[in-house]
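Everything below concerns the one structure shown next.
The values are calculated or read from the model by the stated rules, or taken from the named source; none is laboratory data. For clarity, every value in this text was computed on a predicted model and none was experimentally measured. Cβ placement follows ideal geometry from the backbone for every residue including glycine, while neighbour counts extend to all protein chains displayed. In case anyone asks, the SASA skips ligands and DNA or RNA and just uses the protein heavy atoms, side chains included. Shrake-Rupley method; radii C 1.70, N 1.55, O 1.52, S 1.80 Å.
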Amino acid sequence: MTKLSWGLVGGGAGSQIGPAHRLGAAVDGEFAFVAGALDHRAEEGRFYGRSLGLAPDRAYGDWREMLAGETGRADRVDLVTVATPNATHFEITKAFLEAGFHVLCEKPMTMTVEEGEEIVRIARATGKLCAVNYGYTGYALVRHMRAMVARGDLGRIRLVVAEFAHGHHADAADADNPRVRWRYDPAQAGVSAQFADCGIHAMHMASFVTGQEVETLSADTVSCIESRVLEDDAMVNFRMSGGAVGRLWTSSVAIGRQHGLSLQVFGEKGGLRWAQEQPNQLYWMPLGGRLEVIERGAGGLSPEADRASRVTVGHAEGMPLAFANIYRDMAEAIRAEKDGRAMDPAADLYPRAEDGLRSMAAVFAVAASGKAAGQWTDARPPMFRD
Ligand code: NAD
């Protein structure tokens, strides 16, 4: 089996998310890392690319050079990951899609709903894969939750409770540090800070697991550190397409919370509880039954969870392997397209441009509702309204 080839934009030396992408893409041996424009500074990007083993002519100085260089090659990359700061996602993703590359874009996919709709239209018109890195949906037990809901174990879903609350921006004395301040500056971050950064992961996961879309929401947004223009905490109530009620708390001032992503799903017949910091255990309580701990890697889980597990039960799997599952899904989709066959349904789970667009619509709805004292607001992108 020949490897697919992979290129990375962003993710330079010292970046937060670059290493997780390189690990995730490499784990299964599906992708060879052959091209990159890794840094906003051309020379640093070229140097770092070469230090990671890229050939000198494919360690590019910027993404436009990479686009031109790769477009002209017979062995052009099969997939490009965009892991640059948010405001650049739209133009880089658009350019690579239009040039015929498959793209995995970091979240948030765009800065506006209009840009999100354009990316969806371009992906549909070109037929290229456009995925968005809601990488936490790659955890085996998140996929198992989705499978349990889909096969009816919980019955009708009544309630979803999602959290993504950390405490890493809680120091008021550090709020003016430029590395923190830009995140709460509308000129650089857009209409939302904490919800756009973290809340959308939790909201996307609620949709991924329940198979329902968020239709309307009411948000209470607040800047607990008063000098901040954008919110550092939000409580969002929402209603979903299948009738589920949603509650979501996101915060960056919750001191003592580390990553703080969790999901609880309550149906007519049982409840599920999962937390990203203990991702190898899922708590399942059937109505009238006993609490059961479902261990990742145990026998008899869903095909989706089995496919997403790499090491045997009792050994921890973590975030880079969740990202690896997004890459593995995409490798299967690319190979299925090349071979002209249907893809493995257990792999057809990677988040799409449509998910990125829905998140952008939710970001704008949260910002609008927060300003309007929690007024219930349509959270659907215009192109998905009836
Ligand atoms: P970062 O600031 O740590 O790193 C950004 C990297 O991109 C740097 O190496 C920088 O030099 C490079 N860069 C900037 N502009 C560039 C350009 N025009 N061309 C090429 N390289 C460029 O940022 P980060 O925390 O790694 O975040 C990057 C993206 O990943 C953001 O959109 C963020 O929201 C997202 N992210 C996602 C997750 C997740 O769980 N999916 C987690 C963290 C960050």
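Each peptide among 221-227, 35-41 gets the average number of other Cβ atoms lying within 10 Å of its residues, and from highest to lowest they stand as 35-41, 221-227.
In the structure displayed, which of Lys94/Lys128; Lys107/Lys269; Lys3/Lys338 lie more than 22 Å apart, Cα to Cα? The partial results should precede the final answer.
Numbers: Lys94/Lys128 11 Å; Lys107/Lys269 34 Å; Lys3/Lys338 13 Å.
Long pairs (Cα-Cα over 22 Å): Lys107/Lys269.
Here the accessible area of the chain is 52 percent carbon and sulfur, with a 1.4 angstrom probe and all protein chains present. Thinking of the range 325-371 as a set of Cα atoms, what percent of all their pairs are more than 18 Å apart? Summing the P(r) tail past 18 Å for the range 325-371 gives 48 percent. At q = 0.31 Å⁻¹, what is the log10 ratio I(q)/I(0) for the range 113-165, with the Debye formula run over Cα points and no solvent? The Cα Debye sum returns log10 ratios of -1.15. Among beta bridges from DSSP that stay inside the chain, the antiparallel ones total about 60%. With contributions of -39500 (n - 2.57) from each DSSP H run of at least four residues, the per-residue ellipticity at 222 nm computed over the chain stands at -10000 deg cm²/dmol. Placing R0 at 25 angstrom, the Cβ-Cβ distance between Arg352 and Arg385 gives a FRET efficiency of 0.85 after rounding to 0.05. Were the residues from Asp28 through Ala87 laid out at 0.36 nm apart, the gain over their Cα-Cα distance would be 18.2 nm.
Please work out the FRET efficiency for the pair His40 and Val229, using the Cβ-Cβ distance as r and a Förster radius of 25 Å; give the result to the nearest 0.05.
Numbers: r = 25 Å, r/R0 = 0.98.
Rounded to the nearest 0.05, the efficiency is 0.50.
Taking a spot 7 Å from the Cα of Glu295 along the direction of its beta carbon, which residues of the range 305-333 have an amide N less than 11 Å from it? Zone members listed by number: 312-316. Each peptide in 305-317, 15-27, 284-296 was scored by the mean count of other Cβ atoms within 10 Å over its residues; highest first, the order is 15-27, 305-317, 284-296.
Coupling constants for the range 22-38 follow from the phi torsions by the Karplus curve (6.51 cos²θ - 1.76 cosθ + 1.60, θ = phi - 60°), and in residue order they are 5, 5, x, 6, 8, 3, 8, x, 6, 10, 9, 7, 10, 8, x, 10, 8 Hz; glycine and proline get x. In terms of its Cα atoms, the range 4-136 spans 38, 32, 30 Å along the principal axes, sorted from long to short. Along its first, second and third principal axes, ordered by size, the range 172-300 spans 51, 30, 21 Å in Cα coordinates.
Averaged over its residues, the chain has an accessible area of 41 Å² per residue, based on protein heavy atoms and a 1.4 Å probe.
How large is Rg over Rh for the chain, taking Rg from the Cα atoms and Rh as the Kirkwood inverse mean of 1/r across Cα pairs?
Details: Rg = 20.5 Å, Rh = 21.4 Å.
In the chain, Rg relative to Rh is 0.96.
Rolling a 1.4 Å probe across all protein chains gives Lys269 an accessible area of roughly 100 Å².
The range 285-386 has equivalent-ellipsoid semi-axes of 33, 24, 13 Å, by the square roots of 5 times the alpha carbon gyration tensor eigenvalues, sorted largest first. A Stokes-Einstein calculation at 25 °C with viscosity 0.890 mPa s, built on the Kirkwood radius of the range 345-386 over Cα pairs, returns a diffusion coefficient of 212 µm²/s.
Could you calculate the contour length gain from Ala316 to Asp176, that is, 0.36 nm times the residue separation minus the distance between their Cα atoms, to one decimal place in nm? Difference between extended and current length: 46.6 nm.
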